[in-house]
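The values are calculated or read from the model by the stated rules, or taken from the named source; none is laboratory data. The structure displayed is predicted, hence computed values, not measured ones. As a convention, Cβ positions derive from the backbone with ideal geometry for all residues, glycine included, and neighbour counts pool all protein chains shown.
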Ligand code: MN
């Protein structure tokens, strides 16, 4: 449901009017060549547009303001081919509001040992000019990504692609709108948060509806539409009636089809892209939305259960960012449920009451109808599967009272040792890095939630860059985590972030 817009990035090369026309013509030619090759690499998710070389304050200011005002421009990549006195950049940078990248590269890869002279040195001095530029960006306290290396290096291009994905997230975040059908679950602390501050920091609009507003739309869905969608489910998924009567089973599945159609209509008419439900606040809904929510998440909607709007918006944001990856493995709302503490086989079984996104599924997806142990509605239909193996990140956004913190844990998703035939929900099983003992300890010390936004398709570095762009704290739990250092990092961060 996320339509890839005609987004672009600009490539802006800095220089000055000191080197003569011939040199500036070469600078322009080199910038063109680099842009072309980067676009031809097939690695970048968006087009990079080469802008005329910037040689004075007026052109810098004009260009960066044009980037601000062009809705197709997501961010600007800067590079100083020669020396570009950085005072010229102050006004432009002060007024620039979009994500910024500093590609610290050089046109030639190797020193031309046999022919190098002072003219060559003066023309190819990004080692020199990029330091001057970097100084002013740092002095002005502007958040930016710095990427170092030759522009033809696949790793460098990959870093640029990863940053573009983060920049997309920063831009699109302010368009996220969450519809809450039900408030935060009574007495639960970690899913609470300051919605005003979330809009200031991330741009999220978080609205509330009486669930019965949705019920009216769900009840008005045509029976023929419900039948058609249920038929689609029956062709797409394995049906596991497990002793229930065929007809009775289908009636339960139809109720989820009705909810899916009604929810989609409600959300699209009001332009929402993330949803929050609460199993205890279902009004006239006959079932807790299970299969319906799973299908909506697969379509790209964010989701958070029990009133958790922070996770819903973060899942949506991750879905947007991963939408540029054609080989994406999946992104889902998730919950830490139960442990395996057997030595050497440690891990956390992830699931929820129902709502796990089928984008992470490996193999068959089945429909089951089972009672919920909580709430007082009909037995809901749900999709049941296990998750793909592989590395991913589990993230939790918490509100510490005066600010947000994003906790990012690198995890390794595995198959469980044995199948769990009696468990009527979709699951993932993962071991957090560096191991369960340290990973869970760090997570708890950081105040991380039981709900997470999980994806296979974003890196720890991308999530850190995203937090940096929003100006919030991030804490990484990965193979380098050491508890003593981690606790100190939180202490240092508290001094920094409480003042910013
Ligand atoms: Mn939950």
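Of the candidates 316, 382, 377, the single residue that is at pLDDT below 95 and assigned by TED's automatic domain parsing to the domain that holds residue 181 is 377. If you take the residues of the stretch 317-338 that are closer than 14 Å to residue 393 by Cα and within 16 Å of the ligand (Cβ to nearest atom), which of them is farthest from the chain's Cα centre (by Cα)? Checking each candidate, the answer is 336.
Okay, residues lined up against (1) within 20 Å of residue 176 (Cβ to Cβ); (2) outside any loop (DSSP other than H, G, I, E, B); (3) out of contact with any strand residue (DSSP E or B) (no Cβ under 7 Å at 6 or more places or on another chain):
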residue	(1), (2), (3)
230	no, yes, yes
260	no, yes, yes
264	yes, yes, yes
268	yes, yes, yes
279	no, no, yes
286	no, no, yes
298	yes, yes, yes
303	yes, yes, no
306	yes, no, yes
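Somewhere in the stretch 94-107, is a residue surrounded by 19 or more Cβ atoms within 10 Å (Cβ to Cβ) and either modelled with pLDDT under 95 or farther than 16 Å from residue 147 by Cβ (or both)? For the stretch 94-107, residues surrounded by 19 or more Cβ atoms within 10 Å (Cβ to Cβ) and either modelled with pLDDT under 95 or farther than 16 Å from residue 147 by Cβ (or both): present. For the stretch 169-197, the set of residues classified as under 30 Å from residue 7 (Cβ atoms) and assigned to a strand (DSSP E or B) consists of 177, 178, 179, 180, listed by residue number. Among the residues of the stretch 60-70, which ones are surrounded by fewer than 20 Cβ atoms within 10 Å (Cβ to Cβ) and closer than 21 Å to residue 34 by Cα? Listed by number, the list holds a single entry, 63. Quick check on this structure: which one of 475, 406, 458, 397 is under 22 Å from the mean Cα position of the chain (by Cα), closer than 26 Å to residue 276 by Cβ and within 16 Å of the ligand (Cβ to nearest atom)? Answer to the selection: 397. Selection within the stretch 425-455: residues that are part of a strand (DSSP E or B) and more than 16 Å from the ligand (Cβ to nearest atom). The member of this set that is nearest to residue 161 (Cα to Cα) is 455.
Is it the case, given these coordinates, that residue 266 is surrounded by 15 or more Cβ atoms within 10 Å (Cβ to Cβ) and at pLDDT below 95? Before the answer, list the steps.
Details: surrounded by 15 or more Cβ atoms within 10 Å (Cβ to Cβ): yes; at pLDDT below 95: no.
Answer is no for this residue.
Checking 191, 165 one by one, the residue that is within 16 Å of the ligand (Cβ to nearest atom) and within 30 Å of residue 304 (Cα to Cα) is 191 and no other. Inspect all residues belonging to the stretch 409-426 and state whether any of them is modelled with pLDDT of 95 or more, within 20 Å of residue 493 (Cβ to Cβ) and in the same structural domain as residue 330 (by TED's automatic domain parsing). The answer is yes; a qualifying residue exists. Inspection of the stretch 26-34 identifies at least one residue that is free of Cβ contacts under 8 Å to residues at least 12 places away in the same chain, exposed (fewer than 15 other Cβ atoms within 10 Å of the Cβ) and more than 28 Å from the chain's Cα centre (by Cα).
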